[in-house]
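Derivation of every value follows stated rules applied to the coordinates shown; laboratory data play no part. Computed from a predicted model, the values in this text were never measured in an experiment. Please note: Cβ atoms are built from the backbone with ideal geometry, for glycine as well, and neighbour counts cover all protein chains shown.
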Amino acid sequence: MNPRWLRMSVLLAFAVSAHAGQPAKAQPKASATAGGVFMGRSGKPMAKATLILGEAVSDQEVTVARIKVLGKLPSAVADDQGRFQFKGIPPGTYAILYYPGAAPTLLPVEFSIKSFLAVAKSIAPLLRGFELGKSEPFAERVWGREFTLLKGHTFYSEGEYMKIWNATIRRNPTGPYMEIRRGALWQERLNDKSEIKFEAWSY
């Protein structure tokens with residue numbers, strides 16, 4: 001046998017043997033448990049609310065354009081103190097959709113949230129970089145074709161135009177409900193044993 005090939009065979013066998021003796025690397029958790037407390041901004045627990053995980057997915061027009069309701073993942077129901085827990089979820093970044101009570105039998109599988117990013121003519125066009133609605137709460141307001149901003153929402157003034165800033169927003173009369181903070185849909189990275197602090201702006 002060619003001495004060169006013999007040396008290569010010995011080195012390969014040594015490398016395989018050394019690798020076999022090493023402990024296997026820990027695999028990432030396939031599922032996680034995460035929970036927390038769901039409160040209204042007033043401090044009242046959102047008892048008996050149904051919470052459902054959703055995933056924000058992008059398209060070619062904006063960074064976040066659609067919400068996919070993850071029907072295969074477990075939902076959660078808040079107890080009398082507002083505590084809830086999701087079990088058996090893959091770690092990841094999620095939005096929380098909710099219903100103040102029991103969820104309907106049929107849930108949307110996916111829907112657009114592009115209108116969250118839309119702007120409207122400002123009610124205070126001389127103001128720029130100002131949060132409108134903090135001193136005097138706004139009443140419910142229709143936003144786009146599908147959404148309603150619930151009482152107490154605020155806008156961010158950009159001169160001639162304004163955009164949603166902090167709000168509870170409801171899709172259609174039956175929901176689901178979503179939370180917007182500082183102009184963006186509420187989302188959080190959930191790992192195993194993550195503690196979630198979730199608040200309903202309009203309650």
Amide H of I113: which non-local residues (sequence gap of 5 or more, or other chain) have their own amide H closer than 5 Å, using H built in the peptide plane?
-> R66, I67
Label model pair Y161, D79: point-to-point distance (7 angstrom along the Cα→beta-carbon line) in nm is 4.7
Computed lengthening from Q187 to A65, 0.36 nm per intervening residue step minus Cα-Cα distance | 42.6 nm
Taking K163 as the anchor, which aspartates and glutamates have their alpha carbon closer than 16 Å to its alpha carbon, excluding any fewer than eight residues away along the same chain?
-> E131, E140, E179
Which residues qualify? For Y203, with a placed amide H closer than 5 Å and at least 5 residues away or on another chain, they are R41, S42
For the stretch 180-194, what does the Karplus curve 6.51 cos²θ - 1.76 cosθ + 1.60, with θ = phi - 60°, yield as ³J(HN,Hα) per residue in whole Hz, taken in order and with x for Gly and Pro?
-> 10, 10, 6, x, 10, 4, 4, 9, 8, 6, 10, 10, 5, 6, 5
Listed by chain and number, the residues whose amide H is under 5 Å from that of R83, excluding neighbours fewer than 5 places away on the same chain and using placed H, are F38
Tell me, what HN-Hα J-couplings in whole Hz come from the Karplus equation 6.51 cos²θ - 1.76 cosθ + 1.60 at θ = phi - 60° for each residue of the stretch 143-160, using x for Gly and Pro?
-> 10, x, 7, 10, 10, 10, 7, 6, 4, x, 5, 10, 10, 10, 7, 10, x, 5
Roughly how many nanometres apart are two label points built 7 Å out from the Cα toward the Cβ at S194 and K87?
-> 1.9
Nearest-0.05 FRET efficiency for A102 and R145, computed from C-beta distance (R0 35 Å) = 0.85
FRET efficiency, 1/(1 + (r/R0)^6) with R0 35 Å, evaluated for K48 and S112 via beta carbons | 0.75
Convert each backbone phi in the stretch 100-112 into a coupling constant with the Karplus relation 6.51 cos²θ - 1.76 cosθ + 1.60 (shift: θ = phi - 60°), then list the ³J(HN,Hα) values in order as whole Hz, x for Gly and Pro.
-> x, x, 5, 6, x, 5, 9, 10, x, 7, 7, 8, 7
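So which of K114/K134; K114/K197; K87/K197; K68/K114; K48/K87 end up more than 19 Å apart by C-alpha? Mind showing how you got there, number by number?
Values: K114/K134 25 Å; K114/K197 25 Å; K87/K197 16 Å; K68/K114 13 Å; K48/K87 17 Å.
Checking Cα-Cα distances, K114/K134; K114/K197 exceed 19 Å.
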